[in-house]
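*Asks:* So that we are looking at the same thing, I have put the structure below in structure tokens.
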Amino acid sequence: MKTLVILSSLGFLGILSEILNFKKIIHKIAIVGLLVALGITVTEWDNPIPMYFYNMVSFDNQSVAFTAVIIITGILWLLSSISFFDDEQHIADKTTLVLFSLVGAVCMVSYHNLTMLFIGIEILSICIYVLAGSKKSDLSSNESAMKYFLMGSFATGFLLMGIAFIYGASASFDIEEIKTYMENSPKNTELVYTGILLLTIGLSFKISAVPFHFWAPDVYEGAPIQVTSLMSTIVKTAAIAAFFKLFTTSFGSQTGTWEPTLTWIAGITVIAGNIIAVFQSNAKRMLAYSGISHAGYLLLAVLANNENGGNALIYYTLAYSISTIVAFTVISSVANVKGNTDFESFKGLGKKNPLLVVATIISMLSLAGIPPFAGFFGKYFLFESYLEKHGVELIIVALVGSAISIYYYFRLIVTMFKGDSEEIITLTLTAKLVLIIGIILTIAMGICPDMIKGGW
Amino acid sequence: METLQAIPLNHYILLSAALFSIGVMGVLLRRNAIIIFMCIELMLNAVNLLMVAFSAHHGDGKGQVFVFFIMAVAAAEVAVGLSILIMIHRNTNTTDIGFLNKLKF
């Protein structure tokens, strides 16, 4: 709860910085503020009474852990994207929007009432719509903002219709009360089934699962690189956390209605995302499809429908977010010099840029799920939690997808060693810092996974 | 309340579902961005109607409060959407979404 207060105050500070003329240092204030928020979040661990605001939000351990993941990602993102805040005129607006999007993400992981879920999604989405279109004169940025806006509000419509049906059946928005209603053999099954189906559609749009993924590659490619990095880490983490919380808490007893649908969605997402990623020639777009396929793996945790699934999800989102931020830092450094993000631009960079190459190799290996990096254990824990209740069919599909993914992740690494360009990509100090922190965290999480997962 | 009880709840559900479907079809079929906005608004208003009907049916106010949230948020969303549209109109002089085809597979 204190985290929410601190993040919102930081957002307001961002607005004030425009009026009171300290916007030059607002970026640094935001980083320090997020570090404070991270510290405060940790103190809320094992809170005896986690409910706040008349049961609107609950900061139980799972929410606290997801909040911590989001804030750590936020700090790394702010460090890695200084170039996004170059423009003197809009620095305060952009920082404020990013901070408010974090507020939305925290609402989405800690909601205890569907009102809060809706408001969290909207706070997050509206900020990101504006950020995606922040290059006003660039047509692809405009297009990306428009597509994201249309698809986002379309998905919100489905989500709200789902909430309305669930409310019609259970007469409540509180997820625990809905859970009690669902467990006592609900009477209005038509309303419940329709509601669950519509909620599945709405949330699948948000995590960009196939067949509701078609907006993602365009939006990710058109938006400024830093915003793409924000979208594929924080937005995805918050959306899957909301998905997990809603389906395991409220609909945990109704597995018969949503499990078959979601199993198919997860399987198709993994396979389609990975196969289409193979054919991409643009690194940004390739990472967009890789993000889609990761949404499929994340859905395994929802299907696992147990506490281990939640723990695995926290580990996986942290590992995925760190690797993705490292990858995007590399891509944006290259794009700064070369002007685009095609694979061609990466040719021959392997010879003279040791840090860049090590960071690329480690982030790609971690995303592909190769031991001993964090991504491997993320997948391992997800599969383990899924197998507690289910058979191996979906796991085999996921492994096949993983094998395909190795091809395109390695392609980026191989491209870096092809040809002999002598070009040196200059990295800013903060970019170097992010790469080093990212490499250390990825290896450390891989070597002692209990560090994150054993705590509970 | 009296009149509401005279009309069975099912009719409200059917009306909302019809409005919602019209909104969805509009989003999928129309090519003009402003009309797509209107169709999204139609979807949200179908939800509002349904929430209010259920709220009256159950006799508790939570659904009606939710409707206020939806209205406020929808207004904010449209404000952002229209400003994005103005930005695009400045660059392309059109509101037809057929122009949004730079990014493709």
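*Asks:* Select from B:Thr94, B:Met71, B:Met43 the residue farthest towards the positive end of the dipole of the stretch B:10-96; place +1 on Cβ of Lys and Arg, -1 on Cβ of Asp and Glu, and compute about the Cα centre.
*Replies:* B:Thr94
*Asks:* Please report the accessible area of A:Ile425 (heavy atoms, 1.4 Å probe, ligands and nucleic acids excluded) in Å², nearest 10.
*Replies:* Here the residue's solvent-accessible area equals roughly 10 Å².
*Asks:* To the nearest 20 debye, what charge dipole does the stretch A:85-196 have about its Cα centre, counting +1 at the Cβ of each Lys and Arg and -1 at the Cβ of each Asp and Glu?
*Replies:* I would put it at about 200 debye.
*Asks:* How much accessible area per residue does chain A have, counting only protein heavy atoms and a probe of 1.4 Å, in square angstrom?
*Replies:* Per residue, chain A has an accessible area of 33 Å².
*Asks:* A follow-up question, please. Can you find, among A:Ser232, A:Ile265, A:Leu13, the residue sitting farthest towards the positive end of the charge dipole of the protein assembly as shown, where Lys and Arg contribute +1 and Asp and Glu -1 at Cβ?
*Replies:* Going by the charge dipole, the pick is A:Ser232.
*Asks:* Could you pull the accessible area for A:Arg285 with a 1.4 Å probe, rounded to 10 Å²?
*Replies:* Surface open to solvent at A:Arg285 totals about 10 Å².
*Asks:* Where nothing but the Cβ of Lys and Arg (+1) and of Asp and Glu (-1) is charged, how large is the charge dipole of the stretch A:1-80 around its Cα centre, in debye to the nearest 20?
*Replies:* Values: 4 positive and 4 negative charges, 78 e Å.
In total the dipole reaches around 380 debye.
*Asks:* Okay, moving on. Roughly to the nearest percent, how much of the accessible area of the stretch A:109-213 is carbon and sulfur, given a 1.4 Å probe?
*Replies:* Heavy-atom surface of the stretch A:109-213 belonging to carbon and sulfur, 1.4 Å probe: 60 percent.
*Asks:* When the Karplus curve 6.51 cos²θ - 1.76 cosθ + 1.60 is applied with θ = phi - 60°, which whole-Hz ³J(HN,Hα) does each residue of the stretch A:300-309 get, with x for Gly and Pro?
*Replies:* Per-residue couplings from phi come out as 4, 5, 5, 5, 4, 6, 8, 5, 4, x Hz.
*Asks:* With a point put 7 Å past each Cα toward its Cβ, work out how far A:Thr43 is from A:Glu177 in nm, to one decimal.
*Replies:* About 3.3 nm separates the two model spin labels.
*Asks:* How would the stretch B:10-96 be classified by its alpha-carbon gyration tensor: rounded, prolate or oblate, with rounded meaning a/c under 1.5 and the a/b versus b/c comparison settling the rest?
*Replies:* On the way: a/c = 6.98, a/b = 1.88, b/c = 3.72.
Verdict is oblate for the stretch B:10-96.
*Asks:* Moving on to the next point. Is the shape of the stretch A:28-140 rounded, prolate or oblate, going by the alpha carbon gyration tensor and its root eigenvalues a ≥ b ≥ c, with a/c under 1.5 for rounded and a/b larger than b/c for prolate?
*Replies:* oblate
*Asks:* While we're here: What does the charge add up to near A:His390, with Lys and Arg as +1, Asp and Glu as -1, over the other residues with Cβ less than 12 Å from its Cβ?
*Replies:* Numbers: positive: A:Lys389; negative: A:Glu259, A:Glu384, A:Glu388, A:Glu393.
Local charge sum for A:His390: -3.
*Asks:* Tell me what chain B gives for mean residue ellipticity at 222 nm when only DSSP H runs of n ≥ 4 count, each as -39,500 (n - 2.57), the sum divided by the residue total, rounded to 500 deg cm²/dmol.
*Replies:* -27500 deg cm²/dmol
*Asks:* I would also like to ask the following. Within 10 Å of each Cβ in B:31-42, how many Cβ atoms from other chains are there, averaged over the peptide?
*Replies:* 2
*Asks:* Could you state how much accessible area is buried at the B-A interface, both sides summed, with a 1.4 Å probe, in Å² to the nearest 100?
*Replies:* What B and A bury together is about 3800 Å².
*Asks:* In debye, nearest 20, what is the charge dipole magnitude of the protein assembly as shown about its Cα centre with +1 on Lys and Arg Cβ and -1 on Asp and Glu Cβ, if you could check? Walk me through the numbers before you get to the answer.
*Replies:* On the way: 31 positive and 34 negative charges, 257 e Å.
The dipole magnitude comes to about 1240 debye.
*Asks:* At what distance in nm do the modelled label points of B:Asn32 and A:Leu16 sit from each other, each positioned 7 Å from its Cα along Cα→Cβ?
*Replies:* 4.6 nm
*Asks:* So if each residue of separation counts as 0.36 nm, and I subtract the Cα-Cα distance between A:Ser137 and A:Leu429, what length gain in nm does that give?
*Replies:* Taking 0.36 nm per residue and subtracting the Cα distance, the gain is 102.2 nm.
*Asks:* Excluding residues fewer than 8 places away in the same chain, name every one of the lysines whose C-alpha is closer than 17 Å to that of A:Lys418.
*Replies:* Once the sequence-local lysines are set aside, what remains near A:Lys418 is A:Lys338, A:Lys347, A:Lys351, A:Lys352.
*Asks:* Right, next: Given a 1.4 Å probe and every protein chain left where it sits, what share in percent of the accessible area of chain B is carbon and sulfur?
*Replies:* Reported share for carbon and sulfur atoms: 66 percent.
*Asks:* Principal axis lengths of chain A from Cα atoms, whole Å, largest first?
*Replies:* Principal-axis extents of the Cα atoms in chain A, largest first: 70, 56, 42 Å.
*Asks:* Greater than 18 Å separation of Cα atoms is the criterion. Which listed pairs, A:Lys94/A:Lys147; A:Lys23/A:Lys432; A:Lys284/A:Lys379; A:Lys23/A:Lys236; A:Lys94/A:Lys136; A:Lys179/A:Lys206, meet it?
*Replies:* Among A:Lys94/A:Lys147; A:Lys23/A:Lys432; A:Lys284/A:Lys379; A:Lys23/A:Lys236; A:Lys94/A:Lys136; A:Lys179/A:Lys206, the Cα-Cα distance tops 18 Å for A:Lys94/A:Lys147; A:Lys23/A:Lys432; A:Lys284/A:Lys379; A:Lys23/A:Lys236; A:Lys179/A:Lys206.
*Asks:* Here is a further query. Search the structure for amide H atoms under 5 Å from the amide H of A:Val57, placed 1.01 Å from N in the peptide plane, and list their residues when 5 or more places away or on another chain.
*Replies:* Residues meeting the criterion, in which the H sits 1.01 Å from N, are A:Tyr52, A:His112.
*Asks:* Taking Cα pairs under 8 Å and at least six residues apart, what relative contact order does chain A come out at, in percent?
*Replies:* It rounds to 14 percent for chain A.
*Asks:* Now, a different point. Have a look at the stretch A:108-133 and report residues whose accessible surface goes down by 30 Å² or more when the remaining protein chains are included, against the chain on its own, probe 1.4 Å, ligands and DNA/RNA excluded.
*Replies:* A:Thr115, A:Phe118, A:Ile119, A:Glu122, A:Ile126
*Asks:* By the gyration tensor of its Cα atoms, with a ≥ b ≥ c the square roots of the eigenvalues, what is the shape of the stretch A:228-298: rounded for a/c under 1.5, prolate for a/b over b/c, or oblate?
*Replies:* Taking the square roots of the gyration eigenvalues as a ≥ b ≥ c, the stretch A:228-298 is oblate.
*Asks:* Right, another one. Projected onto the charge dipole of the protein assembly as shown (+1 at Lys/Arg Cβ, -1 at Asp/Glu Cβ, origin at the Cα centre), which of A:Phe118, A:Ile82, A:Gly309 gives the Cα projection farthest towards the positive end?
*Replies:* About the Cα centre, the residue reaching furthest to the positive side is A:Ile82.
*Asks:* Note down the net charge around B:Ala76, summing +1 for each Lys or Arg and -1 for each Asp or Glu among other residues with Cβ under 15 Å from its Cβ.
*Replies:* Net charge in that neighbourhood comes out at -3.
*Asks:* So, one more: Rounded to the nearest 500, what is the 222 nm mean residue ellipticity of chain A from helices alone, with -39500 (n - 2.57) per DSSP H run of 4+ residues and division by all residues?
*Replies:* Value at 222 nm, helices only, nearest 500: -24500 deg cm²/dmol.
*Asks:* Using each residue's phi in the stretch A:117-126, evaluate 6.51 cos²θ - 1.76 cosθ + 1.60 at θ = phi - 60° and report the 3J(HN,Hα) Karplus result to the nearest Hz, with x for Gly and Pro.
*Replies:* In residue order, the calculated couplings are 4, 4, 5, x, 4, 6, 4, 4, 5, 4 Hz.
*Asks:* Any idea of the accessible area per residue across chain B, 1.4 Å probe, to the nearest Å²?
*Replies:* Value returned for chain B: 55 Å² of accessible area per residue.
The values are calculated or read from the model by the stated rules, or taken from the named source; none is laboratory data. What you see is a predicted model, and the numbers here were worked out from it, not measured in a lab. Cβ: placed from backbone, ideal geometry, glycine included. Neighbour counts: every protein chain shown. What goes into the accessible areas is simple: the full protein's heavy atoms, side chains included, and nothing from ligands, DNA or RNA. Shrake-Rupley method; radii C 1.70, N 1.55, O 1.52, S 1.80 Å.
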